Amino acid sequence: MSGERLLVPEVWAGKIYSNGWKSAEGGTADVVEKATGKPLGTIGIASAEEVSAAAEAAHAAQKAWGARTGPARGDVLRELSRLVLVHADELAEQIIRETGSIHAKARWEVHVVAREILEAAALGSQPRGMVAATAEEGRHSVARRMPLGVIGIITPWNSPFILGARAIGPALAMGNAVVLKPDVQAGIIGGIAFARLLEKAGLPDGLLHVLPGGPETGAALVEEPLVDMISFTGSTRVGRQIGSIAGEQLKRVSLELGGNNPYVVFDDADIEAAASAGAWGSFFHQGQICLTAGRHLVHENIAEAYGAALVRKAKALKLGNPMEPAVQIGPIINERQAANVERIVRETLSQGATLLAGGGRSGLFFEPTVLTGVEPGMPAFDEEIFGPVAPITTFRTEAEAIALANRSEYGLVAAVVSRDIARAQRIADALHSGVVHINDQTVLHEVYGPIGGVGASGNGFSHSTLTNADQFSEWQWVTTRTEVPAYPF
Ligand code: NAD
């Protein structure tokens, strides 16, 4: 616990962070508490010119940072991790107010960030390459990882602290500079917090720029020639646009996109345990997580009992302002998203599904909802809902379960619940999914396991201690001889 506040508005109100705090040319935006609509502060919005200036400053600063030793870069990140824990209470409260997160998620998010940064710091102490084989006597051949240069990081509003940290940590550890563009709706915890923490941790000027803004600011960052890589987390729609611009520019792009994740429950499952895990998978953070269980595919023999158990879980959840510690379901991020969840439920019911629980909302507070009789072609089956809705679809055979699970353009995560582990593993083999969990739910996140989607969920990149070093660096092959060899001409 620290007596000193981190996020003092006097420092950052109306400003961007780019070689220090500066008044923003792109205007300002108010950030509100999602449960109450009360103002939390005014952040600066970066203009396209400010994006270019930041990229130029980052490009210049990166040279000296990339030349530092890995352990020295790691020291700054270790201090960052320590500061995250020192300010854990304040950061968690900010997450609750700004993103509508419940207490448990906010505290978990802060601790995940501290761990992710610590693991990123350790990259600086790892080997940076290897001695390669060579077919030529007298040639010494080394393959080594080099920094990419400037990494542009674009994050969404749903878990902006984790999603920012998982890219900022390894990007800096591998010797890059960072330009971060958080979503305006969560621009304090998604942006200002990193600037405040890293300036306290002793990161030299110019290596982190925080430029909140909307699509225009993001597009300017993607287009900026001095930005060498874009690390994007957000919707598939925007990911496609960013991917095509980056492709044209031959710029590396990591796309972590949406999901419509199947949670498959077989008839040998413990129904209560499966429903409890399934409720967590669909209702945690109001279903506003890319890993949310979006479709409950349940064997027909247990579908009724499973539905009843899920309804009991849904009805027992406490809805309200998440500043109250007992609350388990907070608000949806904004009116547009809440109206979209409502539309999906309404249209799915009008196409023949049955409402088992919930379905209503009061403003941004959407009741945990259970639907059954949901079929492919209905919006609750086909779309990423991003709300606290658990749609149930039944299946009869293993083949049918696989076909239903794969019936989506997305491929982020899937989960299979069965006591028959051999069957569950067979299903994992057959699923088009970047992540599969057996006998667990879909919303699992740890820095050691690679999370990355296939299909419309991503372009093959993933974040984890296994993959981060490669993701944020590029190969350089260096050969050395003591003398120039003789050539035929
Ligand atoms: P979004 O795509 O609307 O916005 C994400 C970010 O992109 C924001 O910062 C936004 O300002 C910016 N942006 C918007 N248009 C842009 C453009 N044309 N150019 C550059 N930047 C632009 O997504 P959202 O609605 O804020 O977030 C929810 C989505 O994120 C969901 O689909 C969710 O599944 C996905 N998500 C994925 C992961 C993952 O790891 N795969 C994690 C969390 C969220």
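The values are calculated or read from the model by the stated rules, or taken from the named source; none is laboratory data. On a predicted model such as this, the values are computed, not experimentally measured, just so you know. For neighbour counting, all protein chains shown are included, and Cβ atoms are generated from backbone atoms with ideal geometry for every residue, glycine included. Accessible surface areas use protein heavy atoms only, side chains included; no ligands, DNA or RNA. Shrake-Rupley method; radii C 1.70, N 1.55, O 1.52, S 1.80 Å.
Here's a check for you: in region 386-442, which residue that is part of a helix (DSSP H, G or I) and charged (D, E, K, R) is nearest to L255 (Cα to Cα)?
D429
The set of residues from region 1-45 being at pLDDT 95 or above, within 26 Å of R107 (Cα to Cα) and among the polar types (S, T, N, Q) comprises T36, T42. Restricting attention to region 280-289, the residues being open to solvent by less than 10 Å² (accessible area, probe 1.4 Å) and part of a helix (DSSP H, G or I) number 6. Scanning region 43-71 for residues that are β-branched (V, I, T) and buried (at least 19 other Cβ atoms within 10 Å of the Cβ) yields I43, I45, V51.
Residue-wise test of (1) within 30 Å of S362 (Cα to Cα); (2) open to solvent by less than 50 Å² (accessible area, probe 1.4 Å); (3) in contact (Cβ under 8 Å) with a residue 24 or more places away in the chain.
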residue: L431; (1), (2), (3): no, yes, yes
residue: D440; (1), (2), (3): no, no, yes
residue: H445; (1), (2), (3): no, yes, yes
residue: T467; (1), (2), (3): no, yes, no
residue: D470; (1), (2), (3): no, no, yes
residue: W477; (1), (2), (3): no, no, yes
residue: P488; (1), (2), (3): no, no, no
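If you go through region 215-246 and pick out every residue that is part of a loop (DSSP other than H, G, I, E, B) and crowded, with 24+ Cβ neighbours inside 10 Å, you end up with 1. Checking the stated criteria, A121 turns out not to satisfy the condition of being open to solvent by less than 60 Å² (accessible area, probe 1.4 Å), without any contact (Cβ under 8 Å) to a residue 24 or more places away in the chain and more than 30 Å from E483 (Cα to Cα). G294 meets each of the listed conditions (1) crowded, with 22+ Cβ neighbours inside 10 Å; (2) more than 19 Å from E383 (Cα to Cα); (3) not acidic (D, E) apart from (2). If you go through region 457-476 one residue at a time, how many are of a type in the set (A, V, I, L, M) and either within 12 Å of the ligand (Cβ to nearest atom) or in contact with a strand residue (DSSP E or B) (Cβ under 7 Å, 6 or more places away or on another chain) (or both)? Final tally of qualifying residues: 1. Report yes if Q241 is at pLDDT below 95, out of contact with any His (no Cβ under 7 Å at 6 or more places or on another chain) and more than 21 Å from E398 (Cβ to Cβ), otherwise no. Here the answer is no, as Q241 does not meet what is asked. Within region 248-298, restricting attention to residues that are within 22 Å of E375 (Cα to Cα) and in contact with a Pro (Cβ under 6 Å, 6 or more places away or on another chain), the residue that is nearest to the ligand (Cβ to nearest atom) is G287.
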